[in-house]
Amino acid sequence: MASNDIRDILSLSRQGSMERSSKKKRTEPVKRPTGMHREVFALLGTTNDLDPPPLQKSNDKGLRHMKQLFGNRKVRSWQWKPFKNSARSDNLSLLHWKRCDDISTDYPFAKYSVQREVLKYTDEQYNGVLQQPGWTRANTDHLIDLANRFDLRFVVMQDRWDNQIHGTRSVEDLKDRYYSIQYRLDKLRDSESEKPKRPLYDADHERLRKEQLEKLYSRTREEVEEEEYLIEELRKIEIRRKEREKKQQDLQRLIKAADQLTETGSTNKKKKASTAKKKEEETRSWRIQDKPLNAGVSLRSAKTKQALQVGLKKSKLVEQILTQLEVGVSPMRQRTLRGSTTNLGTISSFFWS
């Protein structure tokens, strides 16, 4: 027997393995791939062993911790029991798992099976208000029977419609006939109220809607692109229209402001013209202004009415006239001379104006 076999039996290491393990393996350095950042390459390590790091072991206690949350209650017992669904009319009995302390007999989801109200009408009602051209009594009874069987699923009703006996009918035709019967019965029963509870079904609108929807889905790629182009052009036109309206508003605002400035300037010119005219009248006329006397002692000459300032030429003419009339320009301030001088100056200024 070889020495290596004996070592295997005794669970000892082999000589060759010890010698190989003593020798150091030379590993070539891994080159960084082109395009990879140095920081990213450093995370991968410098050896060829690029295995992902091992996951950290969880310190959870597992099921022992869950038992603490559940408590020490006893496990509830379950039993395989039969049940019946009250929503079914065939009295079918099935089996399911059920808790032993549950004493309910009906299926818990039977309450979600809601049955619609079945339309019923008498011969008198049909002959009075339910007759419609293109629909016989047999067609109407067949429609009501399908509505009750398939719970108003009109697509299924149209598929189960007997075309050989009752003719071909579309889904819109079935809906139109059924809802017209419902509308007329409601109107007959609620004759006292002004409006019935349910509105009348519009079959033409439904056909048009489906036709438009079919055209929408049957468009080619070129038609879709053309429509998108037209929508984009319409959006640009709307933007230009809004910009044009904004510019017009700004222009109207500027015109209004210019008109206000013009009106303000004209009013200012009128005021200046009236002021200048008033001053001119004052200078042309020898208006006399009473000068109020101050309290206390005053001279007699203070009671003389002082004339407003006039032009230099007119004042010289007045002085010349007074000199020709041998009247002094500044006579003695007597009572008689004061009034005459004042009146004479006023008349002469008015004459030479």
Worksheet item: Residue by residue, what Karplus-based ³J(HN,Hα) values in Hz, rounded to whole numbers, does the stretch 206-213 have, using 6.51, -1.76 and 1.60 with θ = phi - 60° and x for Gly and Pro?
Response: 5, 5, 5, 5, 5, 5, 5, 5
Response to the item:
Expected unfolding gain across Thr267-Leu254 under the 0.36 nm per residue rule, minus the alpha-carbon gap, is 2.7 nm
Worksheet entry | Difference of contour (0.36 nm per residue) and Cα-Cα distance, Ala87 to Glu39 | 10.5 nm
Fill in: In nm, spacing of pseudo-spin labels at Ile231 and Arg189 (7 Å Cα→C-beta vector)
4.6
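Could you please state how large a percent of the accessible area of the stretch 144-183 is carbon and sulfur, counting protein chains only and using a 1.4 Å probe?
Details: 850 of 2100 Å².
Carbon-and-sulfur percentage of accessible area, whole number: 40.
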Item to complete: Please find the FRET efficiency linking Glu222 to Lys242, where r is the Cβ-Cβ separation and R0 is fixed at 25 Å, and quote it to the nearest 0.05.
Response: 0.20
Worksheet item: Relative to the present Cα-Cα distance, how much length would full extension add between His96 and Lys111 at 0.36 nm per residue of separation?
Response: 3.6 nm
Response to the item:
For the stretch 90-205, averaging the sequence separation of alpha carbon pairs under 8 Å that lie six or more residues apart and dividing by its residue count, the contact order in percent is 18
Discussion item. Could you tell me the calculated FRET efficiency between Asp123 and Tyr201, based on Cβ-Cβ distance and R0 = 25 angstrom, to the nearest 0.05?
Written reply: 0.55
Worksheet entry | Nitroxide proxy distance, nm - points 7 Å out along Cα→Cβ at Lys316 and Tyr179 | 10.9
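The values are calculated or read from the model by the stated rules, or taken from the named source; none is laboratory data. If you're wondering where the values come from, they're calculated on a predicted model, not measured in any experiment. Every residue, glycine among them, receives a Cβ derived from its backbone with ideal geometry; neighbour counts consider all protein chains shown. The area values use the complete protein model at the heavy-atom level, side chains included, leaving out ligands, DNA and RNA. Shrake-Rupley method; radii C 1.70, N 1.55, O 1.52, S 1.80 Å.
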